[in-house]
Amino acid sequence: MKVFVTGGAGYIGTHTCVELLNEGYEVVVYDNLCNSSVEAIKQVETITSKKITFIEGDIRDTQAINKALEGCEAVIHFAGLKAVGESVERPLDYYDNNVQGSLSLFAAMKIQDIKKIVFSSSATVYGDPKFLPLTEDHPLKATNPYGETKLVIEMILRDLYNADKTYSISILRYFNPVGAHDSGLIGENPQGTPNNLMPYISQVAVGQREHLNVFGNDYDTPDGTGVRDYIHVVDLAKGHIKALKSLEKAQCEAINLGTGNGYSVLEMTKAFSVASGKEVSYKISPRRNGDIASCYADTTKAKELLNWRSEKTIKEMCEDSWNWQMKNSKSLS
Ligand code: NAD
Ligand code: WQD
């Protein structure tokens, strides 16, 4: 089966391409490289000893996608902008890229009569949790423009399915993806100062940054710092293969991809120090605007519908992040 992967040159996209190729799928990556490089695609080919068809293009270009989609049977849709803070400053860019881009992709899929899609959503659609662990039927509420774009795209997909029950749609709500492929050839490569915890910790450990700012230690959590459900990106990638396989049957399902376990900022910092053998200095700083105390998944639905569960431990998440950071710190600095 030939699978069309938008945003396939990015962090989660490259790891998913590895799993797709290992499972024998043909892969077409469509990416405008606004947050990635073609090098990453070459690394995926090195890891798997298989070829990817790469097309440089924007998802807002319906005509170009229409042409690129020819012969594909399913789509995995990763392409999008993902920085929460930036989305607050540049909301129009986020709605244009993420929402308009998705509409354009769905229009091209309609022309090509492709009705199978796996979509990258996010646990951010739950807003500030009213209860934990988060089940898929928890009320939805975005707290920033990035989250709004995910909610709108989810809604569009549900409406598509309601209008035509032959669609097969898997909406995957990721919790906090971290780690890297154990080859050290692909991983997360944030531009500038990292927004997310794990890349920041890695850069402190490798000596690129002086210390981690821990955003608040007065939350209602066991040690006062924020608690999240960190999931290894390779586990996440494998979840996409299971979701793709589940699309044999028409459906529209939103499914959490997390481990079900919450770890605090200080626990993550400690685990990273042990994995890397480096001290990770930190200072307690004020809370970051918009942050919540705790967030972790109920993973029952993923187990039941996809027969998927995460396998990798926090230790492996830290070791693989560190391995990637060590192998790439020169080119990243
Ligand atoms: P990423 O930035 O590494 O990958 C996204 C890819 O999409 C990049 O290669 C980028 O060049 C491409 N892209 C962006 N806009 C495009 C456009 N208009 N046309 C074509 N290509 C375009 O991000 P990622 O971490 O791999 O995230 C993948 C998806 O998962 C995103 O939709 C993101 O919102 C979602 N997600 C990510 C996280 C996370 O923490 N990483 C969590 C939840 C959801
Ligand atoms: C984790 C914890 C911070 C950095 C974000 C998006 C979400 C999703 C995943 C896309 C929190 C603390 C962080 C630092 C810190 N992305 N922290 N110092 O905020 O859970 O989720 O990425 O969909 O939408 O909002 O992840 O890694 O930024 O933060 O103390 O320098 O680490 O306060 O408790 P978050 P994160």
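The values are calculated or read from the model by the stated rules, or taken from the named source; none is laboratory data. Small disclaimer: the values here were computed from a predicted structure and weren't measured. Cβ coordinates were reconstructed from backbone atoms using ideal geometry, including for glycine residues, and neighbour counts include every protein chain displayed. For the accessible areas, the whole protein counts, side chains as well, though only heavy atoms, and no ligand, DNA or RNA atoms are used. Shrake-Rupley method; radii C 1.70, N 1.55, O 1.52, S 1.80 Å.
Whole number in Å², please: accessible area per residue of segment 172-307, 1.4 Å probe, ligands, DNA and RNA not counted. Could the numbers behind the result be given before it?
Numbers: 5940 Å² over 136 residues.
Accessible surface, normalised per residue, equals 44 Å².
Return the Rg/Rh ratio of the chain with Cα-based radii and a Kirkwood Rh.
Details: Rg = 19.0 Å, Rh = 20.1 Å.
Value, to two decimals: 0.95.
Test of understanding: what is the full-extension gain from Lys270 to Thr193, defined as 0.36 nm times their sequence separation minus their Cα-Cα distance? List each step's numbers first, then the result.
Details: separation 77, 0.36 × 77 = 27.72 nm, distance 2.13 nm.
Length gained between Lys270 and Thr193: 25.6 nm.
Provide the net charge surrounding Phe54, with neighbours chosen by a C-beta distance below 12 Å and charges set as Lys +1, Arg +1, Asp -1, Glu -1.
Working: positive: Lys42, Lys51; negative: Asp31, Glu39, Glu45, Glu56.
Result for the neighbourhood of Phe54: -2.
Per the 1.4 Å probe, what fraction of the accessible area of segment 244-306, in percent, lies on carbon and sulfur atoms?
Details: 1520 of 3300 Å².
Taking all protein chains in place, segment 244-306 shows 46 percent carbon and sulfur surface.
What Kirkwood hydrodynamic radius do you get for segment 187-227 when you take the inverse of the mean 1/r over all pairs of distinct Cα atoms, in Å?
Details: mean 1/r = 0.0876 Å⁻¹.
Hydrodynamic radius (Kirkwood, Cα only) of segment 187-227 equals 11.4 Å.
Which residues does a label at Ser281 reach in segment 203-218, if reach means a backbone N under 18 Å from a point 7 Å past the Cα toward the Cβ?
203-215, by backbone N distance to the label point.
Please work out the average accessible area per residue across segment 1-97, using the 1.4 Å probe convention, and give it in Å². Provide the component values of the computation, followed by the final result.
Values: 4340 Å² over 97 residues.
I get 45 Å² per residue for segment 1-97.
What does the helix-only formula give at 222 nm for the chain: each DSSP H stretch with n ≥ 4 adding -39500 (n - 2.57), the total divided by the residues, and the result rounded to the nearest 500 deg cm²/dmol? Working shown, then result.
Values: 11 runs with 124 residues, N = 333.
Estimated from H runs of four or more residues: -11500 deg cm²/dmol.
Could you check how much of the accessible area of segment 56-108 is carbon and sulfur, as a whole percent, using a 1.4 Å probe? Could the numbers behind the result be given before it?
Values: 1250 of 2500 Å².
It is 50 percent, rounded to a whole number.
What order, most packed first, do the peptides 36-43, 273-280 have when packing is the mean number of other Cβ atoms within 10 Å of each residue? Don't skip to the answer; put the middle values down first.
Values: 36-43: 17.2, 273-280: 15.8.
The densest-packed peptide leads the list: 36-43, 273-280.
Looking only at the chain, where both bridge partners belong to it, what percent of the DSSP beta bridges are antiparallel (to the nearest 5)? Don't skip to the answer; put the middle values down first.
Details: 2 of 42 bridges.
DSSP beta bridges in the chain are roughly 5 percent antiparallel.
More than 17 Å apart: what percent of Cα pairs in segment 78-196 qualify?
Values: 4380 of 7021 pairs.
Above the 17 Å cut-off, segment 78-196 has 62 percent of its Cα pairs.
For segment 165-269, treating each Cα as an identical point scatterer without solvent, what Debye log10 I(q)/I(0) comes out at q = 0.10, 0.17, 0.23 1/Å?
So the normalised log intensities are -0.39, -0.91, -1.26.
Report the relative contact order of the chain, percent, no decimals, based on alpha-carbon pairs under 8 angstrom and at least 6 residues apart.
Averaging sequence separation for qualifying contacts and normalising by length gives 19 percent for the chain.
Counting only protein heavy atoms and using a 1.4 Å probe, what share of the accessible area of segment 142-197 belongs to carbon plus sulfur, as a whole percent?
On the way: 1050 of 2200 Å².
Ligands and nucleic acids excluded, carbon and sulfur reach 48 percent.
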